[in-house]
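Take a look at the structure set out below.
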Amino acid sequence: MNNMDFTTGNEGRSILRFSIPIISGAFLMQLYNWADTVIVGRYVGKQALAAVGASAPFVFMLVALVMGIGIGTTIIISQAYGLRDYDKIRKASDSLYLFLTAAAVAITALGLIFSRKIMILIDLPEDILPYAVSYLNIYLLGLIFLFFFNCLSSILRGIGDSRTPLIFLAVSAVLNILLDLLLVAVIPLGIKGAAWATVIAQAMAVTFAILYTNRRNDIVRFDPRRLVFDRRIFVRSLKLGIPAGVQQMFVAMGMLAIVSIVNSFDTDTVAAFSGASRIETLVSVIPMNLGIALTSFTGQNFGVGDFDRIRRGMYATVRYSLIAGAVVMIGLLLAAEPLMRVFTTEREVIEVGCGYLRVLGLSFWIFSLMMCFMGALRGMGNTVAPMIITLFSLWIVKIPVAYMLSERFGQTGIWAASAFSWSLGTICAAVAFNMTSRRRRTEREISDKKDIITERYDNTL
């Protein structure tokens, strides 16, 4: 087993050692999207390229609330693992598997019914609409594999194993790229081929992941014959996970709102946004997954009540995030044009995309800090604050500002709105972290004093 105990050893090195496989795995996961986008852009055309990008927020919106429940389960598992409560870990895992099976069936059905209406609702240009609907409907058929894949990865990270999910992702990414080339470049199935490549790759990767995990890790073994739904643990997962799920769902809806603003421009802008947003998603895996690593670290140490260690881990993660932010900034400022040329050779699309990437590079370090504070908050069981902060920074700040600035400065106004909203979100997250840390420490000290008094009383009887 590759399970990591975060309650001992150097905080910074532990978080870095745990996060490197997660970040590497997330990079591989993005190869799904890159393979689809690059191959479709090169072999099918800019309408298909724009369609893949336009579909992404809708897929994210469909799965966001459900995956939030997974976040809640991960928190429970990491805290239980800190206390070595293996029975609770198994019950939490089983409950999540059963829930995701039912949710996948329901969301797939709803998605197939309403996909075209939503693409029309976000004002997708007429020449892109049939591509987007076709890609999305096929992609929806693989949701159950996507759910199980992320579910198993989240459970393993909760018990400190970040290496095994990396193996799963490597297999899945390689399969996806090979199938993309086969079904788009060799067998000319167009955008449908890219969608089928992703579904097939996810199905094969999930099968491999279950077989591998069942042989290597008895704590989270998946056995359909012995699955037990624990209502009490699942309700606790809901309490922790629904705020995170609502947060992600509103982020996805916000992405659709931003896409709608982008769609008010021409096809070149929509295609540029599709390509550049893939690059943004790729570089974002660094701070986002450092935040995920910090959630597991914080969860285990919160389970044993070591708040000083939580704070030291937080400071170490902030340092790593700032370094990563500086590297990304330099890379995007210097290599914006070569990166856009990966997706398309059309000059107008490249120019718009370069503007997006340069604004992103200048403000990326702010986003990195925000992800650190969010991760630590979730590890301490506070999933409400990240939800409120995200809704505020996105819906109260970013979307209105993007709309107003786009009226005056064109596409550049949309990109600049992200930097402004991240700045306010980071300030709010830092304040929430300090308040939550102090409150949780006080609650723990009061609880410990009560336990000591009770023990002394019992000893006198």
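How long is the range 195-326 along each principal axis, judged by its Cα atoms, biggest number first, in Å?
Computed over the range 195-326, the largest-to-smallest principal extents equal 53, 42, 28 Å.
Hey, any idea what the orientation-averaged projected area of the convex hull of the range 139-232's Cα atoms comes to, in nm²? Please report the intermediate quantities before stating the final value.
Working: hull surface 28.2 nm².
Taking the Cα atoms of the range 139-232, their convex hull projects to 7.1 nm² on average.
By how many nm would the segment from Phe208 to Ala170 lengthen if fully extended, with 0.36 nm per residue of separation less the alpha-carbon distance? The partial results should precede the final answer.
Working: separation 38, 0.36 × 38 = 13.68 nm, distance 1.14 nm.
Contour length minus Cα-Cα distance gives 12.5 nm.
Can you quote the Å³ per residue value for the convex hull of the Cα atoms in the range 277-316, rounded to an integer?
Here the figure is 51 Å³ per residue.
If you stretched the chain out fully between Glu407 and Ala106, how much longer would it get, using 0.36 nm times the residue separation minus the C-alpha to C-alpha distance? Don't skip to the answer; put the middle values down first.
Values: separation 301, 0.36 × 301 = 108.36 nm, distance 3.92 nm.
Contour length minus the Cα-Cα distance gives 104.4 nm.
Going through the DSSP H helices of the chain, which span 24 Å or more along their own axis at the Cα atoms while scoring at least -0.5 as a mean Kyte-Doolittle hydropathy?
Details: long enough: 11-43 (47 Å, 0.50); 46-82 (50 Å, 1.46); 86-121 (48 Å, 0.92); 163-180 (26 Å, 1.57); 191-216 (38 Å, 0.71); 231-263 (45 Å, 1.05); 267-303 (51 Å, 0.62); 307-341 (47 Å, 0.75); 347-379 (45 Å, 1.07); 411-460 (74 Å, -0.54).
The answer, listed by residue number, is 11-43, 46-82, 86-121, 163-180, 191-216, 231-263, 267-303, 307-341, 347-379.
As an exercise, use a Förster radius of 25 Å and the Cβ-Cβ distance of Arg216 and Arg84 to find the FRET efficiency, rounded to the nearest 0.05.
My answer for the efficiency is 0.85.
When you take every Cα atom in the chain, what is the radius of gyration, and what is Dmax, the widest Cα pair distance, in Å?
22.2, 84
Taking trypsin sites (Lys or Arg not before Pro) as exposed when DSSP calls them loop (any state but H, G, I, E, B) and at most 15 other Cβ atoms lie within 10 Å, what is the longest stretch of the chain free of them, the sites themselves excluded?
Formally, the longest exposed-site-free interval is 227-461.
Under a 1.4 Å probe, what is the accessible area of the chain per residue, stated in Å²?
Details: 19090 Å² over 461 residues.
Counting only protein heavy atoms, the per-residue value for the chain is 41 Å².
Pop out the carbon and sulfur fraction of the accessible area of the chain as a percent, whole number, probe 1.4 Å. Please report the intermediate quantities before stating the final value.
On the way: 12350 of 19090 Å².
Carbon with sulfur: 65 percent of the solvent-accessible area.
Considering the convex hull of the alpha carbon atoms of the range 321-434, report its projected area averaged over all viewing directions, in nm², one decimal. Don't jump to the answer; show the numbers that get you there.
Working: hull surface 31.0 nm².
Mean projected area of the Cα convex hull: 7.8 nm².
With each run of n ≥ 4 DSSP H residues scored as -39500 (n - 2.57), what mean residue ellipticity at 222 nm is computed for the chain after dividing by its residue count and rounding to the nearest 500 deg cm²/dmol? Mind dumping the intermediate values first?
Working: 14 runs with 385 residues, N = 461.
My calculation for the chain gives -30000 deg cm²/dmol from helical runs alone.
What does the charge count around Val251 come to, taking other residues whose C-beta lies under 14 Å from its C-beta (Lys +1, Arg +1, Asp -1, Glu -1)?
Overall, the nearby charge balance is 0.
Search the structure for amide H atoms under 5 Å from the amide H of Phe343, placed 1.01 Å from N in the peptide plane, and list their residues when 5 or more places away or on another chain.
Result for Phe343 returns nothing.
Along the Cα→Cβ direction, 7 angstrom out, place labels at Lys239 and Ile113. What is the inter-label distance in nm?
Calculated label separation equals 3.3 nm.
Let me know the number of lysine pairs in the chain closer than 24 Å at the Cα, not counting same-chain pairs under 8 apart. Before the final figure, lay out the partial values.
Values: Lys46/Lys117; Lys46/Lys192; Lys88/Lys239; Lys91/Lys239; Lys117/Lys192.
Eligible lysine pairs with Cα atoms under 24 Å apart amount to 5.
If a paramagnetic tag sat 7 Å from the Cα of Asp123 along the Cα-Cβ line, which residues of the range 393-407 would have the backbone N under 17 Å from that point?
Counting only backbone N, you get 399-407.
Which parts of the range 92-126 would a label at Asp266 reach, counting a residue when its backbone N lies under 20 Å from a point 7 Å out along Cα-to-Cβ?
Inside the label zone: 123-126.
The values are calculated or read from the model by the stated rules, or taken from the named source; none is laboratory data. Here the structure is a predicted model, which is why all the values come from computation and not from measurement. Here the Cβ is made from the backbone with ideal geometry for all residues, glycine too, and neighbour counts use every protein chain on show. Heads up: the accessible areas ignore ligands, DNA and RNA and are worked out on the full protein's heavy atoms, side chains in. Shrake-Rupley method; radii C 1.70, N 1.55, O 1.52, S 1.80 Å.
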